[in-house]
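Visitor: One structure, pasted below without further comment.
The values are calculated or read from the model by the stated rules, or taken from the named source; none is laboratory data. Bear in mind that the values here come from a model prediction, so they are computed numbers and not experimental data. Neighbour counts are summed over all protein chains in view; Cβ atoms, including those assigned to glycine, are modelled from backbone coordinates with ideal geometry. Heavy atoms of the whole protein, side chains included, go into the accessibility calculation; ligands, DNA and RNA do not. Shrake-Rupley method; radii C 1.70, N 1.55, O 1.52, S 1.80 Å.
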Amino acid sequence: MLESVSDRRVKHEAGYDLYLEIPEKEYLQIYEDVNNEAAETILKQFLQLHQDDGRPDHIEIKYDKNNHTINIKALLSYEGNDHTKAETLSDYVRYE
């Protein structure tokens, strides 16, 4: 699923806004509901896959039924971060 995620970042004083767009079909094959718990899991795994030490905060998730996408927005902060300990990604998230 993570290979089909589109991402965009917008830099500002507090860090970066990260926007993830996931195809509805890909998301719903793994998760039944569109909720904050799933958004947090996806964000953590996306950042780990890209070896990104940003710390997500203010996580929002929305289901855009018209465009058939799930959209996740988060604020990423980097200042004062320690290196993130690597964790193993679940196969169902990494691969289609």
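Visitor: Yes or no: region 40-57 includes at least one residue that is open to solvent by 90 Å² or more (accessible area, probe 1.4 Å) and modelled with pLDDT of 95 or more.
Guide: Within region 40-57, not a single residue is open to solvent by 90 Å² or more (accessible area, probe 1.4 Å) and modelled with pLDDT of 95 or more.
Visitor: Looking at region 2-21, I want the residues that are more than 14 Å from PRO56 (Cα to Cα) and touching a residue at least 40 places away in the same chain (Cβ under 8 Å) and have a partner that is open to solvent by 30 Å² or more (accessible area, probe 1.4 Å) and small (Gly, Ala, Ser) with Cβ atoms under 7 Å, at least 6 apart or on another chain. Which pairs are those?
Guide: So the pair list comes out as GLU21/SER6.
Visitor: Still on this structure, please answer the following. Within region 1-30, restricting attention to residues that are out of contact with any Asp or Glu (no Cβ under 8 Å at 6 or more places or on another chain), farther than 22 Å from LEU75 by Cβ and not charged (D, E, K, R), which residue is surrounded by the fewest Cβ atoms within 10 Å (Cβ to Cβ)?
Guide: Here the answer is GLN29.
Visitor: Further, regarding this structure: Does TYR31 fit the bill of being out of contact with any strand residue (DSSP E or B) (no Cβ under 8 Å at 6 or more places or on another chain) and of a type outside the set (A, V, I, L, M)?
Guide: Here the answer is yes, as TYR31 does meet what is asked.
Visitor: Sticking with this one: Of the numbered conditions (1) modelled with pLDDT of 90 or more; (2) open to solvent by less than 60 Å² (accessible area, probe 1.4 Å), ASN67 fails exactly one; give the number of that condition.
Guide: (2)
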